[in-house]
Amino acid sequence: MIEGRSIITTVNRCSMIGFTEQLQKLRADEFGKELFTIPAFEMLLDLYRSRSAQPRSLTSLTGASSASERNSQRIVHRLAERGFVDLHRDPSDGRRIIVVLKDETSAMLDRFFDKLVEVAAELPLDPPHRK
């Protein structure tokens with residue numbers, strides 16, 4: 001039987017974003033970063049969380065991923081190819097590539113986290129016990 005303590009809380013999109021980040025950190029701490037990774041989602045989450053802050057360079061964004069820098073760069077380029085992010089050269093430093101989360105992707109993540117809130121709201125307070 002799996003048991004745990006009951007927690008009653010109010011959740012919203014912002015709390016689900018924080019919960020997701022904590023979940024990923026906990027997973028990495030408990031099972032190791034190298035075994036269970038979701039680098040593309042980690043980078044999308046980083047862009048989503050920091051969308052009102054300064055633009056993210058490709059180099060700084062790769063640090064948000066559990067993958068190697070080289071693999072992270074490949075993933076960012078795949079995200080761009082699939083239309084999740086835009087890449088453009090920094091006008092003040094042509095060597096620097098800026099990664100911007102597209103509005104459509106931001107809306108998709110809004111829907112994703114809103115759905116997580118709905119799922120959390122539907123969790124039974126006292127789940128049936130397994131035999």
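Computed from the coordinates by the stated procedures, all read-outs in this text should not be read as laboratory data. Remember, it's a predicted structure, so these values are computed and weren't measured experimentally. Ideal geometry is used to build each Cβ from the backbone, glycine not excepted, and the neighbour counts take in all protein chains shown.
With Cβ to Cβ distances under 12 Å as the rule, what net charge do the other residues near residue 111 carry (K, R +1; D, E -1)? Write down the numbers at each step before the final one.
Numbers: positive: 13, 115; negative: 104, 110, 114, 118.
That sum, taken over residues with Cβ under 12 Å, equals -2.
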Considering the options 16, 31, 73, tell which one lies farthest towards the positive end of the dipole of the chain, charges being +1 on Lys and Arg and -1 on Asp and Glu at the Cβ, about the Cα centre.
73
Nearest 20 debye, what's the magnitude of the dipole of segment 13-121 about its Cα centre given +1 on Lys and Arg Cβ and -1 on Asp and Glu Cβ?
240
For residue 56, enumerate residues with amide H under 5 Å from its amide H, sequence gap 5+ or separate chain, H modeled in the peptide plane.
99
So how far, in whole Å, is the C-alpha centre of segment 55-86 from the one of segment 38-53?
10
Estimated vicinal HN-Hα couplings, Hz - segment 100-117 in sequence order (Karplus 6.51, -1.76, 1.60; Gly, Pro = x):
10, 6, 6, 4, 5, 5, 4, 5, 4, 5, 4, 4, 4, 6, 5, 5, 4, 4
Estimated 222 nm signal from helices in the chain, with DSSP H stretches of n ≥ 4 weighted -39500 (n - 2.57), rounded to 500:
-16500 deg cm²/dmol
By Cβ neighbour count within 10 Å, fewest first, 86, 46 rank 86, 46
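Just want the ordering: 78, 95, 51, from fewest to most Cβ atoms lying within 10 Å of their own Cβ. Can you show the working numbers first?
On the way: 78 12, 95 8, 51 15.
Ordered by Cβ neighbours within 10 Å, fewest first: 95, 78, 51.
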Just to be sure I understand the curve: with the Debye formula and one point per C-alpha of segment 13-121, what is log10 I(q)/I(0) at q = 0.12, 0.19 Å⁻¹?
-0.43, -1.02
How much length is gained on full extension from residue 22 to residue 104, taking 0.36 nm per residue of separation minus their Cα-Cα distance?
27.0 nm
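Order these by the 10 Å Cβ neighbour count, fewest first: 77, 88.
Numbers: 77 15, 88 12.
Listed from fewest to most nearby Cβ atoms, that is 88, 77.
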